[in-house]
Amino acid sequence: MKGCSVTIKGVNKSFGSTPILKNIDLEIKKGEFFSMLGPSGCGKTTLLRCIAGFEPLSQGAIFLNDRDVTTLPPNERPVNTVFQNYALFPHLSVFDNVAFSLRIKKIKTSLIEDKVRHYLELVKLSDHLYKMPNQLSGGQRQRVAIARALINEPEVLLLDEPLSALDAKLRHQLLVDLDALHDEVGITFIYVTHDQQEALGVSDRIAVMNQGEILQVGTAFEIYDKPVNAFVAEFIGETNLFNGLVESVSGTNLMVNTKQLGIIPVNGAIPVRTSSQVTVSLRPEKVKLFHQRPVDSKGPVYEGIVEEIVYAGYQSRIYVQVEGAIIKVQQPHIVGAGSDHFSWKEPVYITWDPTSCCLVEVIST
Amino acid sequence: MKSRSGYAYIAPLSLWMGLLLLAPIGIILSYSFLKRGLYGGVSNQITLEAYQQLWSPLYAKVFLNTLLLSGIATVIMILMAIPTAYFMARSKRKTLWLFLIIIPFWTNFLIRIYAWIAILGNNGIVNQCLLRVGWIDQPLRLLYNPLSVILVLVYTYLPFAILPLFSTIEKFDFSLLEAARDLGATRFQAFYKVLIPAIKSGIFSALLFCFIPAFGQYAVPALVGDSRSYMMGNIIARELTITRNWPLSAAISTLLTLATLFALMVFVIQGSRPARVKPIE
Amino acid sequence: MSPQKRGLFTWTMVLVTLAFFYLPLLLLTFFSFNHSKSMVWEGASFRWYAALFLHSPDLWASFGKSIMIALSASLVATLIGSLGAIGLYWYAFKSKRVITVLTLLPLLLPEIIMGVSFLIFFSKIGLPLGLFSIFIAHTTFCIPYVFLIMTARLDEFDYSVIEAAYDLGAQEWVVLTNVILPICRPAIMASLLMSATLSLEDFVITFFVAGPGSTTLPLYIYSMIRFGVSPVINALSVVLIVGTAIIAVLTSRLFKYVIQK
Ligand SMILES: Nc1ncnc2c1ncn2[C@@H]1O[C@H](COP(=O)(O)OP(=O)(O)O)[C@@H](O)[C@H]1O
Ligand SMILES: [Mg+2]
């Protein structure tokens with residue numbers, strides 16, 4: 001834990017008798033862009049509020065830069081929060097909102113002026129100094145909230161779904177800006193979101209949460225490629241999940257007998273024994289789709305029928321009926337190539353690389 | 001959050017309301033169980049005398065009379081207020097309409113009563129006009145009867161019905177009415193089956209704001225009523241200041257309070273019950 | 001009548017309501033300019049206005065007392081009611097519900113009950129009836145209105161604004177003075193306005209708790225109505241209606257808070 005920016009040790013939190021956070025352990029490094037990702041209601045906001053000091057813990061401890069802050073009130077913790085609904089002071093202008101914490105510290109007026117201008121420049125809001133919050137757009141309000149939190153020079157910045165109230169295009173732009181801002185100020189960001197694309201896009205590491213528990217902590221690549229269980233696999237990106245019995249094991253190469261597809265080769269990173277009940281995952285973008293039976297495929301080949309095609313801009317998702325199952329396939333649009341065009345009810349062939357299908361969960365041995 | 005400094009905020013409120021509201025109400029309640037003093041006031045002797053006195057046809061009649069007058073006035077107010085509030089809420093000039101309702105609402109209560117005395121009194125405008133043109137020889141007795149009490153009650157408390165209804169109807173999603181019309185309801189059916197259930201809580205709070213002051217009325221019957229339109233409030237004042245039977249006055253007050261709280265409970269329970277959704281026949 | 005044409009029925013009802021409200025007031029205004037002492041038109045004159053402004057010292061003395069009580073009662077009620085509303089909103093108390101119900105009680109009780117219980121209470125504790133007893137009674141019935149207006153305002157903005165202030169390093173006192181009070185300013189103004197109006201307006205409760213020498217304006221008007229109508233009251237009515245309208249224009253910004261009740 002030495003040298004960590006935030007250390008969370010055995011934290012439990014209940015509202016009444018309902019446990020909301022269960023035994024959370026987490027170490028967040030200095031300067032990291034750390035995301036907490038999970039479905040709505042899984043306890044992300046609660047964990048963030050515990051770090052900020054708004055919720056007393058039921059059990060456990062929280063350290064900031066190796067200092068125990070478990071019992072410190074929010075105004076004495078070196079962290080600042082960007083609230084989900086921004087929580088701008090409605091009676092103060094942009095300038096006064098940002099200057100709020102400096103005024104409390106009774107800092108010299110000229111210094112306040114300089115710092116406020118600097119931070120508003122940082123979030124590209126220099127033109128709106130004297131507007132009131134209700135005269136700003138959603139994106140601008142959010143930037144004010146960020147500047148207001150940063151001006152205090154906290155050791156950690158907490159962001160609670162800061163983009164959730166914005167439209168898709170703006171969200172993307174602000175996410176890029178946020179990433180740049182993180183590089184510029186260099187402090188630890190803890191970013192809470194239920195949107196996996198946001199988290200995957202900018203985070204150094206991600207913690208995936210569900211029902212008050214942390215399921216997996218890792219880089220975007222790790223949790224996408226090596227999900228520790230079926231929930232993570234399904235929550236991060238799209239996937240096809242199959243249940244089956246392990247037929248044979250040789251190193252990391254397994255053969256799994258699935259109800260839907262029969263016996264398929266599976267890449268198993270988790271140690272497992274023969275005849276265990278397991279769940280395996282096959283990402284849609286790893287499935288290849290052909291009009292004719294492919295001859296040189298190393299993996300299994302199935303014949304199927306196109307059940308449904310959903311166009312989504314630069315790619316389409318195609319649902320293929322194979323034996324007893326519907327397999328999701330992601331197919332990029334290749335401009336000018338006729339081969340990527342599939343139509344409804346057309347007979348097709350699918351295949352994938354034998355290493356693409358991976359073991360994600362051992363249900364029973 | 002921290003609750004020690006919280007007490008500093010609520011201490012003045014709790015002390016004030018406890019000492020200067022709860023104590024007087026407690027005293028009036030306890031007086032109703034005491035014996036009447038020789039020259040007004042009470043003597044320290046517990047008795048049910050006051051309640052026994054109350055148990056007579058005379059007071060039963062006053063009670064029913066009070067209920068009837070305030071009930072009729074309340075119904076008239078609600079019937080006038082719903083269309084008015086609906087119109088205001090749908091208008092583009094809400095502030096103007098609010099303004100037009102607030103001015104009579106804020107105009108001195110006694111002046112509003114006086115306006116009707118000036119119009120309907122024996123020497124009032126109507127009688128003077130009729131006398132002038134010779135249609136009558138004697139002034140008509142337009143005032144000092146139960147009807148004039150109802151009229152003036154409606155006049156003074158109508159804004160109390162309009163304002164809560166306005167703020168409820170303002171929040172109503174008017175496209176629901178169009179949806180109902182689209183589904184085959186007539187205009188009236190749409191109103192009755194969609195709007196009215198949706199604004200039920202507003203109707204009940206309007207009922208509350210009109211009925212409680214009307215039911216406990218003192219000034220209106222005292223100024224424009226006669227002995228037939230005496231209400232409980234007038235009896236309470238008479239026993240207190242003229243007959244100086246304080247226990248009886250306290251007992252009637254207790255009865256009036258209980259009746260008011262009962263009405264309140266009925267309205268609150270009715271108003272908070274979710275609207276039943278009935279299909280349109 | 002069947003409301004066939006769009007809004008015909010509601011239009012009619014609105015016009016009826018407005019006529020009902022304003023015709024009596026217009027008639028009063030008209031006759032305030034009447035030269036005659038009776039309600040028969042005998043030519044225009046400012047006679048009753050002259051009498052009102054130049055020869056009614058008692059009336060103006062009662063007006064002065066009303067203003068004094070209205071100012072002091074609305075200030076104290078706003079102070080106590082606002083602090084209480086903030087306290088109950090801000091902190092968790094076990095007795096929260098009890099205090100809320102107790103505070104709102106005066107709204108639910110008929111005025112006469114309040115008047116009678118104050119009268120008996122004051123005589124029991126030996127407080128002489130006069131301006132001070134009126135002040136106490138008025139403050140008590142104004143507090144619940146202040147409480148409601150303030151609570152509505154506090155409900156209106158998100159609690160996370162207060163948390164944001166703590167998060168940015170503010171102490172409790174700073175949060176109160178720099179965040180809560182400024183945000184509540186319109187509600188505080190509305191509370192003062194509402195309390196002052198209620199106090200100026202009150203007749204029934206004042207009637208019971210007033211003593212000799214503490215005749216307020218409503219009590220004075222009452223005795224004018226009761227004992228011999230003088231047309232001065234017509235002129236006074238017009239002055240009061242116009243005064244009300246002017247105050248309403250000046251404060252229309254605050255209607256939103258006053259109406260929520
Ligand atoms: N103050 C509270 N009292 C009771 N339950 C709460 C409170 N705050 C949050 N919860 C519950 O805790 C769970 C987690 O909430 P939250 O942390 O807000 O989830 P998230 O931010 O991940 O959507 C939810 O089921 C919510 O209902
Ligand atoms: Mg949340």
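Here are some notes:
- Within region B:116-214, helices (runs of 4 or more DSSP H) holding 3 or more residues that are facing chain C (nearest Cβ under 10 Å): B:125-133, B:146-170
- Once region A:177-196 is narrowed to residues that are away from ligand 1 (no atom under 16 Å from the Cβ) and of a type in the set (A, V, I, L, M, F, W, C), the residue that is farthest from the other protein chains (Cβ to nearest Cβ) is A:Ala180.
- Residue count for region A:196-212, restricted to those that are away from ligand 2 (no atom under 16 Å from the Cβ) and over 15 Å from A:Phe34 (Cβ atoms): 1
- Among the residues listed as C:Leu154, C:Leu129, C:Leu181, C:Leu104, the single one being in contact (Cβ under 8 Å) with a residue 24 or more places away in the chain, more than 14 Å from the chain's Cα centre (by Cα), more than 9 Å from every other protein chain (Cβ to nearest Cβ) and surrounded by fewer than 18 Cβ atoms within 10 Å (Cβ to Cβ): C:Leu104
- Any hit, region A:39-51, residues being more than 16 Å from ligand 2 (Cβ to nearest atom) and either hydrophobic (A, V, I, L, M, F, W, C) or over 25 Å from A:Pro162 (Cα atoms) (or both): no
- Test result for C:Thr17, within 30 Å of B:Leu177 (Cα to Cα), more than 7 Å from chain B (Cβ to nearest Cβ) and without any contact (Cβ under 8 Å) to a residue 12 or more places away in the chain: no
- A:Gly31 vs. criteria within 16 Å of ligand 2 (Cβ to nearest atom), among the small types (Gly, Ala, Ser), within 20 Å of the chain's Cα centre (by Cα) and under 22 Å from A:Gly218 (Cβ atoms): no
- Unique residue being buried (at least 19 other Cβ atoms within 10 Å of the Cβ), within 14 Å of ligand 1 (Cβ to nearest atom) and of a type in the set (Val, Ile, Thr) when the list is A:Val208, A:Val156: A:Val208
- Any hit, region A:56-76, residues being crowded, with 18+ Cβ neighbours inside 10 Å, more than 10 Å from chain C (Cβ to nearest Cβ) and within 15 Å of ligand 1 (Cβ to nearest atom): yes
- The single condition from (1) surrounded by fewer than 22 Cβ atoms within 10 Å (Cβ to Cβ); (2) within 16 Å of ligand 1 (Cβ to nearest atom) that A:Leu174 fails is (2).
- Some residue of region C:140-150 being within 14 Å of chain A (Cβ to nearest Cβ), in a helix (DSSP H, G or I) and at negative phi: no
- A:Gly237, sole failed condition from (1) out of contact with any strand residue (DSSP E or B) (no Cβ under 9 Å at 6 or more places or on another chain); (2) loosely packed, with under 15 Cβ neighbours inside 10 Å; (3) under 30 Å from A:Ser316 (Cα atoms): (2)
- Those residues of region A:256-266 which are at pLDDT 90 or above and not hydrophobic (A, V, I, L, M, F, W, C), in sequence order: A:Asn257, A:Thr258, A:Pro265
- Single condition A:Ser17 does not satisfy, out of (1) without any contact (Cβ under 8 Å) to a residue 24 or more places away in the chain; (2) near ligand 1 (Cβ under 8 Å from one of its atoms); (3) more than 14 Å from chain C (Cβ to nearest Cβ): (2)
- For A:Gln142, the conditions (1) in a helix (DSSP H, G or I); (2) within 10 Å of chain C (Cβ to nearest Cβ); (3) within 16 Å of ligand 2 (Cβ to nearest atom) all hold with the exception of (2).
- Within region B:95-115, residues that are closer than 13 Å to C:Pro218 by Cβ and within 7 Å of chain C (Cβ to nearest Cβ) sit with their Cβ atoms under 8 Å from residues that are of a type in the set (D, E, K, R) and part of a helix (DSSP H, G or I), at 6+ positions apart or across chains, in these pairs: B:Asn108/C:Glu201; B:Phe109/C:Glu201.
- For A:Glu238, the requirement of being among the charged types (D, E, K, R) and modelled with pLDDT of 90 or more is not met.
- Which numbered condition A:Lys169 misses (of (1) part of a helix (DSSP H, G or I); (2) under 21 Å from A:Leu47 (Cβ atoms)): (2)
- Listed here are the strands (runs of 3 or more DSSP E) enclosed by region A:268-365 that have at least 2 residues being touching a Cys at 6+ places or on another chain (Cβ under 9 Å) and within 20 Å of A:Glu234 (Cβ to Cβ): A:277-282.
- Wholly enclosed helices (runs of 4 or more DSSP H) of region B:1-113 bearing at least 1 residues of a type in the set (Lys, Arg): B:4-17, B:57-90, B:94-106
- Beta carbons closer than 8 Å, at least 6 apart along the sequence or on distinct chains, never pair a first residue in region A:22-42 that is within 14 Å of chain C (Cβ to nearest Cβ) with a second that is near ligand 1 (Cβ under 8 Å from one of its atoms) and among the hydrophobic types (A, V, I, L, M, F, W, C).
- Unmet requirement for A:Ala99, which otherwise passes all of (1) within 16 Å of ligand 2 (Cβ to nearest atom); (2) at pLDDT 90 or above: (1)
The values are calculated or read from the model by the stated rules, or taken from the named source; none is laboratory data. Please read all numbers here as calculations on a predicted model, not as lab measurements. Heads up, the Cβs are rebuilt from the backbone with ideal geometry, glycines too, and the neighbour counts pull from every protein chain shown.
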